[in-house]
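Q: I'd like to ask you about the structure that follows.
The values are calculated or read from the model by the stated rules, or taken from the named source; none is laboratory data. Treat the numbers as computed from the prediction; the structure is a model and nothing was measured. Neighbour counts are summed over all protein chains in view; Cβ atoms, including those assigned to glycine, are modelled from backbone coordinates with ideal geometry. With ligands, DNA and RNA removed, areas are computed over all heavy atoms of the protein, side chains included. Shrake-Rupley method; radii C 1.70, N 1.55, O 1.52, S 1.80 Å.
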Amino acid sequence: MASVFEYAPAPESRAVVDIAPSYGLFIDGEFAEAADGKVFKTVSPSSEEVLSEVARAGSEDVDRAVKAARRAFEKWSALPGRERAKYLFRIARIIQERSRELAVLETLDNGKPIRETRDADLPLVAAHFFYYAGWADKLEHAGLGPNPRPLGVAGQVIPWNFPLLMLAWKIAPALAAGNTVVLKPAETTPLSALFFADICRQAGLPRGVVNILPGYGDAGAALVEHPGIDKVAFTGSTAVGKAIARQVAGTDKKVTLELGGKGANIVFDDAPLDQAVEGIIGGIFFNQGQVCCAGSRLLVQESIQDELLDSLKRRLSTLRLGDPLDKNTDIGAINSEEQLARITSLVEQGEAEGAERWSPACALPSSGYWFAPTLFTNVTQAHTIARDEIFGPVLSVLTFRTPDEAVAKANNSQYGLSAGIWTEKGSRILAVANRLRAGVVWANTFNKFDPTSPFGGYKESGYGREGGRHGLEAYLAPTSPEGAR
């Protein structure tokens, strides 16, 4: 993209990570082929290079993994919390030691810039394991009775936008609580989960406590439906989340669903505009907008619309799109050809419905999956781009005149995952935040995460919370004062 600065290339070395030509499923502490011998290829989104061939799990493999997790559960759940904590601490330290390797791997397999995997994803991954390691011997203080019990075997399905971070969000609290795990990573980003399997072996984690099953949607469905699963945790699309809810209805499986979003980023006329512009950029263009809690709806007070949009367009024109392994890159590749097609279709629909599209001058690489940062003005609440989750680097701009109108427009969505408020008035922050139907509300910032804080949504953004003390609740059964379940 055009910039007043010229940046020399600053590529991170690929030599720090050794990707094998093929990987198996990780079941009962060992890598193994799929029962039916099926495999699939994982491709780098920025270059379309085939990175590796991976075993594709089927229903027979799911059954093997669940049985291995059930066998491991008896001993793992019986360990004192301080002993489980030692394993989690060990995993966290190994993640820190291998963070550069894992960051490069994640960038290659996912397409996001190395600055994000290196400076955001990996520190948060380690922090979640450290945090829940601290909880492992303090579960009686989690607010679930004096002696809460683990549920059993957790079946976990994670998305492709934050592969290693979503793994940490799910595995760390599950293990701290004494559960064992069968996890299915997304088919477009299986490598970091398989590298995590190696970290589990390096940490000496007992066999069967963590099992990793790369595969497609059929493997995820088989995992959710398996009668040996006691807890289902899913992060992904609302459509799949609804299907899972139907599948587990009538069973005694505990479920948490973290689904889609259409976050409103509200900028009032007294907001610090330069700071707000940076927050808007981070809110929607971080990870190419492939974030469930992205601030994809910008609500601007009418009196400052022109000034804010001028500043925003100037700032967008300085962003650098290109090689995700270059430390100067701001905008990386879209994760897959399928996702790129969805983004393109919704953007074209926005234009067809009369919204005004703008992108900075931007040369896209000739190979890989790329989409230029885009914003739409003249958007109404009736536009598809203001209602549907695009999951890409696309910002829809709407205006408001009063706080009441801002709240009404922010809440006028089937989703309820996130929101942001930009104003100098603390009283306005509190007043507006209390009226927003969103699981997370940021004030004068956006997309900030911490393992001690719960995260989750309302309405079609799912139910249940991950992170913090609340994240333990989904993996524990409360007890009565007498200790009976």
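Q: Hey, among S296, S303, which residue is in contact (Cβ under 8 Å) with a residue 24 or more places away in the chain and open to solvent by 20 Å² or more (accessible area, probe 1.4 Å)?
A: Working: S296 fails: open to solvent by 20 Å² or more (accessible area, probe 1.4 Å).
Result of the check over S296, S303: S303.
Q: Moving to a separate point now. Could you go through the stretch 438-449 and let me know if any residue there is open to solvent by less than 30 Å² (accessible area, probe 1.4 Å), under 18 Å from S296 (Cα atoms), part of a loop (DSSP other than H, G, I, E, B) and aromatic (F, W, Y).
A: yes
Q: Residue pairs, Cβ under 7 Å, 6 or more apart or interchain, first in the stretch 226-243 and outside the structural domain of L167 (by TED's automatic domain parsing) and in contact (Cβ under 8 Å) with a residue 60 or more places away in the chain, second open to solvent by less than 20 Å² (accessible area, probe 1.4 Å) and of a type in the set (K, R). List them.
A: Final answer for the pair search is none.
Q: Being within 26 Å of D388 (Cα to Cα) and assigned to a loop (DSSP other than H, G, I, E, B) is the filter here, so list the residues in the stretch 411-433 that pass it. Give the derivation first.
A: From the stretch 411-433, those within 26 Å of D388 (Cα to Cα) are 411-422, 432-433; that's our starting set.
Residues satisfying the conditions are N412, S413, Q414, L417.
Q: Now, a different point. Select, from E337, E307, the only residue that is assigned by TED's automatic domain parsing to the domain that holds S366, in contact with a Phe, Trp or Tyr (Cβ under 7 Å, 6 or more places away or on another chain) and of a type in the set (D, E). Spell out the reasoning first.
A: Details: E307 fails: in contact with a Phe, Trp or Tyr (Cβ under 7 Å, 6 or more places away or on another chain).
Only one candidate qualifies: E337.
Q: Hey, can you tell me all the residues within the stretch 342-368 that are surrounded by 12 or more Cβ atoms within 10 Å (Cβ to Cβ), among the aliphatic types (A, V, I, L, M) and under 27 Å from E48 (Cα atoms)?
A: Residues satisfying the conditions are I343, L346, V347, L364.
Q: Moving on. Which of the residues spanning the stretch 220-240 are among the small types (G, A, S) and either buried (at least 23 other Cβ atoms within 10 Å of the Cβ) or touching a helix residue (DSSP H, G or I) at 6+ places or on another chain (Cβ under 6 Å) (or both)?
A: Within the stretch 220-240, the subset among the small types (G, A, S) is 220-222, 228, 233, 236-237, 239.
Within the stretch 220-240, G220, A222, G228, A233, G236 qualify.
Q: Also, I was wondering about something else. State whether the residues of the stretch 113-134 include one that is open to solvent by less than 20 Å² (accessible area, probe 1.4 Å), out of contact with any helix residue (DSSP H, G or I) (no Cβ under 6 Å at 6 or more places or on another chain) and of a type in the set (S, T, N, Q).
A: No - not one qualifying residue is present in the stretch 113-134.
Q: Looking for something within 30 Å of G217 (Cβ to Cβ) and of a type in the set (A, V, I, L, M, F, W, C) - is there at least one such residue anywhere in the stretch 3-18?
A: Yes; the residues of the stretch 3-18 include at least one that is within 30 Å of G217 (Cβ to Cβ) and of a type in the set (A, V, I, L, M, F, W, C).
Q: For the stretch 259-306, name all the residues that are under 20 Å from A120 (Cα atoms) and acidic (D, E).
A: E278
Q: Would you be able to tell me the number of residues in the stretch 44-69 that are touching a Phe, Trp or Tyr at 6+ places or on another chain (Cβ under 7 Å) and either of a type in the set (D, E) or open to solvent by 10 Å² or more (accessible area, probe 1.4 Å) (or both)? Let's see the steps before the verdict.
A: From the stretch 44-69, those touching a Phe, Trp or Tyr at 6+ places or on another chain (Cβ under 7 Å) are 45, 52, 54-56; that's our starting set.
Pick out the ones that are also either of a type in the set (D, E) or open to solvent by 10 Å² or more (accessible area, probe 1.4 Å) (or both) and you get 56.
Count: 1.
Q: Mind checking which residues of the stretch 199-210 are of a type outside the set (A, V, I, L, M) and either open to solvent by 20 Å² or more (accessible area, probe 1.4 Å) or under 18 Å from I94 (Cα atoms) (or both)?
A: Taking the stretch 199-210 as the starting set, the residues that turn out to be of a type outside the set (A, V, I, L, M) are 200-202, 204, 206-208.
Selection gives C200, R201, Q202, G204, P206, R207.
Q: Assuming T329 fulfils every condition listed in (1) of a type in the set (V, I, T); (2) open to solvent by less than 30 Å² (accessible area, probe 1.4 Å); (3) closer than 20 Å to K262 by Cα apart from one, which condition is it?
A: (3)
Q: A further question on this structure: So which of G462, G392, G457, G416 ends up being in contact with a Ser or Thr (Cβ under 7 Å, 6 or more places away or on another chain) and within 25 Å of A120 (Cα to Cα)? Step through it out loud before you land on a result.
A: On the way: G462 fails: in contact with a Ser or Thr (Cβ under 7 Å, 6 or more places away or on another chain); G392 fails: in contact with a Ser or Thr (Cβ under 7 Å, 6 or more places away or on another chain); G457 fails: in contact with a Ser or Thr (Cβ under 7 Å, 6 or more places away or on another chain).
The conditions single out G416.
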